[in-house]
Amino acid sequence: MSISLYGALRSDTNLNSNSVTYSSPGTQFQISAYTQISITDGVDPSEIAGDNFSNENPNDTSQTLNGEVIAWDYTIEVTDGTNTYRIGVFDYDLNGDGDFDYPTAEQGYFLGFLDGEIPPLNTTLTINGIVENDNGIPADSVVPCFVSGTLIDTPQGPRAIDDLVPGDKVLTMDNGAQAIRWIGCKDVSQRELKMDPKLNPIRIVSGALGHGLPKRDLYLSPQHRVLVRSPIAQRIFGVHETLIAAKKLVDIPGIFVDQEAKSVSYYHMLFDKHEIVFSEGAPSESLYTGREALKAIGAEAREEVMSLFPELCSPEFIPVAARHIPEKGKHVRDLVGRHIKNQKPLLAHT
């Protein structure tokens with residue numbers, strides 16, 4: 001088991017070693033990028049263990065990141081002038097010597113967002129002070145993921161989806177770099193997730209699709225389709241590649257409903273036509289303009305999309321899918337069952 005932490009690497013902030021070691025009130029910094037890491041859950045999966053206050057030794061050496069120990073050090077409160085946020089500061093044994101060297105990049109290696117609140121990027125944050133410094137923090141207090149942190153492949157390299165705007169170009173599988181025509185976001189609160197668990201995101205663990213994909217844990221809305229490429233798909237559907245809703249893949253090892261999400265922001269990208277894009281390196285679909293898909297984005301967003309593509313208003317309009325989309329659930333269940341039984345990757349080599 002692992003615990004996903006959503007936040008920022010210290011290398012993506014302008015905090016220096018002294019600032020992150022002492023976190024003195026009044027210290028100011030900015031965060032330039034979000035990222036996500038997955039750590040082993042250690043001895044107690046309900047807690048992220050801390051360190052020994054006096055000598056920076058980890059309390060739980062089985063709580064690791066890429067084989068080296070990581071631990072929560074303390075929690076700071078910061079403000080952007082209007083809002084306050086709690087950030088967990090994590091130390092990481094980069095050189096593998098068993099403790100956290102002081103003061104180096106091992107101090108404050110990762111800043112984890114707590115309590116479901118995400119500070120804005122590139123905004124000056126001021127430290128109010130250290131508010132907690134004990135033996136550990138509850139695992140469910142750390143934001144496990146916001147779909148807004150998903151990295152999308154672009155000609156300039158991977159970019160967080162929440163940084164993209166209409167006009168930005170995204171790499172597609174079939175048509176090279178294509179400009180985004182519309183991008184929308186639907187926020188789902190913790191209360192809404194509790195009232196309707198079907199809204200919880202589907203988590204695809206790094207490598208679960210096969211051949212190292214996705215590169216990092218990928219979180220999708222349940223109906224969001226991912227590309228499956230395999231001889232099994234060829235035998236069942238008569239095509240080598242097909243698009244399958246993420247929720248239909250939950251029996252595959254490493255793919256499951258994330259019941260721990262505090263809240264989630266689902267993003268939709270629309271191009272001139274349906275495209276296959278790369279999210280965390282894995283091929284998945286852009287917004288499909290079928291009637292059911294458009295219902296899911298909400299009335300205001302739907303009106304905006306239809307103003308850009310008036311042909312969608314026609315009763316005769318039939319969208320063209322980038323790949324085969326199965327119509328029968330039985331065939332999809334057969335596909336998943338055969339992949340599990342034969343232990344075959346969902347993404348075979350081309």
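Quick notes on this one:
- Any chance ASP51 is open to solvent by 30 Å² or more (accessible area, probe 1.4 Å), of a type outside the set (A, V, I, L, M) and modelled with pLDDT of 85 or more: no
- Checking LEU125 against (1) of a type in the set (A, V, I, L, M); (2) exposed (fewer than 15 other Cβ atoms within 10 Å of the Cβ); (3) modelled with pLDDT of 85 or more, the condition it does not meet: (2)
- Residue in the range 336-346 that is surrounded by the most Cβ atoms within 10 Å (Cβ to Cβ), counting only those that are under 26 Å from the mean Cα position of the chain (by Cα) and in contact (Cβ under 8 Å) with a residue 24 or more places away in the chain: LEU346
- Which numbered condition VAL264 fails, given (1) within 30 Å of PRO138 (Cα to Cα); (2) open to solvent by less than 60 Å² (accessible area, probe 1.4 Å); (3) out of contact with any Asp or Glu (no Cβ under 9 Å at 6 or more places or on another chain); (4) not polar (S, T, N, Q): (3)
- Failed condition for PRO315, given (1) over 24 Å from LEU287 (Cβ atoms); (2) open to solvent by 90 Å² or more (accessible area, probe 1.4 Å): (1)
- Residue list for the range 64-85, restricted to those being within 13 Å of ILE137 (Cα to Cα) and either outside any strand (DSSP E or B) or at pLDDT below 90 (or both): none
- Only residues that are open to solvent by 50 Å² or more (accessible area, probe 1.4 Å) and in contact with a Phe, Trp or Tyr (Cβ under 7 Å, 6 or more places away or on another chain) were counted across the range 59-76, and they come to 1.
- Failed criterion for GLY108 (all others in (1) over 18 Å from SER17 (Cβ atoms); (2) part of a loop (DSSP other than H, G, I, E, B) hold): (1)
- Of all residues in the range 92-105, those satisfying the criterion of being surrounded by 14 or more Cβ atoms within 10 Å (Cβ to Cβ) and assigned to a loop (DSSP other than H, G, I, E, B) are ASP93, LEU94, ASP99, PHE100, ASP101, PRO103, THR104, ALA105.
- Checked against (1) farther than 14 Å from ALA282 by Cα; (2) touching a strand residue (DSSP E or B) at 6+ places or on another chain (Cβ under 7 Å); (3) of a type in the set (Ser, Thr, Tyr), SER189 passes all but condition (2).
- Hey, ASN18 more than 25 Å from the chain's Cα centre (by Cα) and touching a residue at least 40 places away in the same chain (Cβ under 8 Å) or not: yes
The values are calculated or read from the model by the stated rules, or taken from the named source; none is laboratory data. None of these values were measured; they are calculated from a predicted model. Using ideal geometry, Cβ is built from the backbone for each residue, glycine included, and neighbour counts are taken over all protein chains shown. Areas reflect the complete protein model, heavy atoms only, side chains present, ligands, DNA and RNA absent. Shrake-Rupley method; radii C 1.70, N 1.55, O 1.52, S 1.80 Å.
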